[in-house]
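The values are calculated or read from the model by the stated rules, or taken from the named source; none is laboratory data. No experiment lies behind these values; they were computed from the predicted model shown. As a convention, Cβ positions derive from the backbone with ideal geometry for all residues, glycine included, and neighbour counts pool all protein chains shown. Keep in mind that these areas ignore ligands, DNA and RNA; they rest on the heavy atoms of the full protein, side chains included. Shrake-Rupley method; radii C 1.70, N 1.55, O 1.52, S 1.80 Å.
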Amino acid sequence: MTPILYRATFMHTPRNAFQDADALRVQEDGGLLVDGGTIVESGNFSSLRAMHPAARVTELRGGVLLPGFIDTHVHFPQVRIIGGLGRPLLDWLEHVTLPEEARLQDNVYARAVARDFLHGLRCNGTTTALVFGSHFKGAMEVFFEEAAGSGLRTVAGQVVSDRMLRPELHTTPERAYTEGRALIERWHGVGRARYAVTPRFSLSASEGVLDACAALMNDFPDVHFTSHINENVAEVQTVQGLFPGSLDYLDTYERAGLMGRRGVLAHSVHTTDRELGQMAAHRCSAAHCPCSNSALGSGLFPLKRHLNAGVHVALGTDVGGGTGFSMLKEGLQAYFMQQLQADAGVPLSPTHLLYLATRAGAEALDLHDQLGDFSVGKAFDAVWLCPPEGSTLDAILNHASSPSETLAALFANGTQADVAQVWVGGDEVYARSGNTASHQPGKQPPVLAS
Ligand code: GUN
Ligand code: ZN
């Protein structure tokens, strides 16, 4: 196949922005040469053009090309209940979420929800997601089928629980193992799908179910693990009561042997110093979900304590506790919530936000050798943000005087409406109708000179 040379102003963070103050890479009027879905060369457009006269050129003039967003915590069955405001976690689960999740027993309904969900991801520029699934195996089969058709990268798993939800959502340790095993054998590593062993949280998963999860991870060592931790004070107290022999919330997962490099724990708002030390030792990650933490009143995420302890942090929308699929909005909310913590907060720069929304997610999923930035050898997973002409964001970008200003404006003002085109592994998975690259031939890139 003929290689494609994408011409765009692009930005990415090939390094950890919390460890390297100079992590942002910017290429004005850049070129990314993509062959078979992989970036094979990167640099200045005209030099690449001269070196590869046979390459097909795709002009992405105007706006900015970013690596596809990576959402490390998002619930597939909850897309239709986004916006259930005004309740704390346990009340919200009982009255808003679990009744909807029970409806996914019907595979026809589950398929329609899966389509809504996957569309929500891709039209917001998310190319990879760690997806909290359904309690029903049938709904997970349907989900993986639809995900394969969508072209997105998903790391997803059947959610398992055996208490305190509602009877139709409960399983047994034996079923948790056999259904999980069948799903892993069918879907893990097939196309762009991967599997994550997913007990809902220790509140709803007995030691028997946690042990069944550990057995799956033992039998399939390269699958991922995800769950919730320390989100809400009442939840933490309930877990303490259910596991009187455990040191803390993390210990309930540790004792079962569930923690490791491919573990992602969502929320981690009320986490103790012991837990942070252990999370760092396991090299697992925290998925920070600031919109959800605000909407459900869960609390202020202690980012500084996580970073000081050496815990890796990525970003998740937590749809439907969160307020939508936009990783731009999520990044902005992360920024807000750190600003509100005075000395305890981490002042997040636009570079931090880009890193959190992209490369940090790839690192959390242990996929950073393949995804997360535009380095040569990585998959061409990308989102072209190009605001409609005449929009406020268009006006701001046209007057931005540095890459940092441009990036800040994208996070402060960008929405789904600004997502013009999205690729995964070089395949287009979304194009805004009537407004793709070829429709904006005369549009100039924003000024990026510092
Ligand atoms: N804890 C257990 N289940 C859930 C859920 O669906 N959403 C959130 N935010 N927290 C949870
Ligand atoms: Zn969640």
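Worth pointing out:
- Cα centroid separation - segment 381-403 against segment 331-357, whole Å: 21
- Ratio Rg/Rh, restricted to segment 167-221 and using Cα atoms, in which Rh is the Kirkwood radius: 0.98
- Remark: the chain carries 35 Å² of accessible area per residue (probe radius 1.4 Å; ligands, DNA and RNA excluded).
- Our helix-only sum for the chain, with -39,500 (n - 2.57) per DSSP H run of n ≥ 4 divided by its residues, gives a mean residue ellipticity at 222 nm of -10000 deg cm²/dmol.
- Across the chain, Cα-Cα distances exceeding 27 Å account for 50% of all pairs.
- Residues considered: PHE325, PHE18, PHE136. Largest GNM mean-square fluctuation over the chain, using C-alpha springs under 10 Å, is found at PHE18.
- Between ASP219 and ARG305, the contour length at 0.36 nm per residue exceeds the alpha carbon distance by 27.5 nm.
- Between segment 153-217 and segment 3-42, the Cα center-to-center distance that results, in Å: 37
- Here the label points at VAL108 and ARG274, each 7 Å from Cα along the C-beta direction, are separated by 5.2 nm in the simple model.
- Portion, in percent, of the accessible area of segment 2-155 that falls on carbon or sulfur, probe 1.4 Å: 47
- Estimated D of segment 225-376 in µm² per second, where Rh is the Kirkwood radius over Cα pairs and Stokes-Einstein applies at 25 °C, 0.890 mPa s: 157
- Descending by average beta-carbon neighbour count within 10 Å, the peptides 1-8, 48-55, 104-111 line up as 1-8, 104-111, 48-55, the highest first.
- Largest GNM mean-square fluctuation among GLY390, GLY68, GLY331, using the chain with Cα springs under 10 Å: GLY390.
- Segment 321-436, accessible surface, carbon-and-sulfur percent (1.4 angstrom probe): 52
- Two-site FRET efficiency, LEU340 against MET1, from Cβ-Cβ distance with R₀ of 41 Å, rounded to 0.05: 0.25
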